[in-house]
1. Quick check: residue separation of Val76 and Lys97 times 0.36 nm, minus the Cα distance between them. What number comes out in nm?
2. For Asp56, what residues show an amide H to amide H distance below 5 Å, using hydrogens built from the backbone and excluding near sequence neighbours?
3. Taking the alpha carbon gyration tensor of the stretch 1-110, what are the square roots of 5 times its eigenvalues, largest first, to the nearest whole Å?
4. Each residue of the stretch 149-166 in turn: what ³J(HN,Hα) in whole Hz from Karplus with 6.51, -1.76, 1.60 and θ = phi - 60°, glycine and Pro shown as x?
5. If I compute solvent accessible area with a 1.4 Å probe over the protein chains, what percent of it on the chain is carbon and sulfur?
6. What are the ³J(HN,Hα) values, in whole Hz, obtained from phi via the Karplus relation 6.51 cos²θ - 1.76 cosθ + 1.60 with θ = phi - 60°, for each residue of the stretch 27-42 in sequence order, with x given for Gly and Pro?
7. Taking the Cα centre of each part, how many Å lie between the stretch 38-98 and the stretch 116-191?
8. Taking the chain, how many lysine pairs are there with alpha carbons less than 25 Å apart, if each pair must be eight or more places apart or span two chains?
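The values are calculated or read from the model by the stated rules, or taken from the named source; none is laboratory data. This one's a predicted model, so the numbers in the text were calculated from it and none came from an experiment. Cβ atoms come from the backbone with ideal geometry, glycine included; neighbour counts cover every protein chain shown. Accessible surface areas use protein heavy atoms only, side chains included; no ligands, DNA or RNA. Shrake-Rupley method; radii C 1.70, N 1.55, O 1.52, S 1.80 Å.
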Amino acid sequence: MGEVTAIVFVIDDDPSMRAALEDLVGSVGLGARPFASTEEFLASKRPDAPGCLVLDVRLPGMSGLTFQKELARVGVDLPVIFITGHGDIPMSVRAMKAGAVEFLSKPFHDQELLDAIHAGIERDRERRREAVLVAELRERYATLTERERQIMRLVVIGRANKQIAAELNLSEMTVKVHRGQVMRKMQAGSLPGLVRIADRLTGPTRTS
């Protein structure tokens with residue numbers, strides 16, 4: 001089964017520009033979803049597929065840069081590519097600092113935009129892969145007992161079995177058994193592997 005077709009969302013209040021971008025995106029086999037406004041986009045049901053957002057900087061109502069912040073606030077984590085006919089350097093710097101993939105001034109070459117779209121989609125695919133992996137790790141972590149969680153926390157900060165035993169008032173053998181259970185349940189093949197798992201679990205949403 002092939003991967004779900006990526007979707008490029010286009011927000012531009014100019015109908016001719018929306019049509020041109022839809023044709024361009026479709027010409028390379030990607031799905032396109034055009035919108036005339038940010039409100040229309042936010043009200044729409046978005047498919048569960050990798051994608052990116054091509055956004056005009058100057059839109060009626062909310063500017064593209066303000067909308068970029070709004071997306072983060074409402075939990076829409078799509079990579080953004082800005083297009084503008086009135087761009088300036090400070091504006092592009094702000095957009096890129098806020099995480100935009102690219103900032104293109106009109107007129108731009110079709111290939112420039114397509115390159116940015118492919119980069120944005122790949123960024124989103126990676127984010128989605130990471131989210132799936134972290135969800136799986138959280139499921140594994142949920143199977144640990146409280147004692148196993150305590151030991152995992154100490155193991156990943158470099159404590160030896162003897163130190164853990166002294167800190168938790170346990171025998172070294174008991175620590176060794178629990179540590180083995182942690183490695184098995186978390187499917188960690190090595191101590192560095194367990195440390196990498198712990199790093200992922202204590203990312204944006206901290207594990208207790």
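1. Numbers: separation 21, 0.36 × 21 = 7.56 nm, distance 1.76 nm.
Result for the pair: 5.8 nm of gain on full extension.
2. When sequence neighbours closer than 5 places are left aside, the close amide H contacts are Ile11, Ile83.
3. 21, 17, 14
4. Result, ordered by residue: 5, 4, 5, 4, 4, 6, 4, 6, 9, x, 6, 7, 3, 4, 5, 4, 4, 5 Hz.
5. Numbers: 6190 of 11590 Å².
C and S fraction of accessible area: 53 percent.
6. 5, 10, x, 9, x, 10, 10, x, 9, 7, 8, 5, 4, 4, 5, 5
7. 36 Å
8. For the chain, qualifying lysine pairs total 7.
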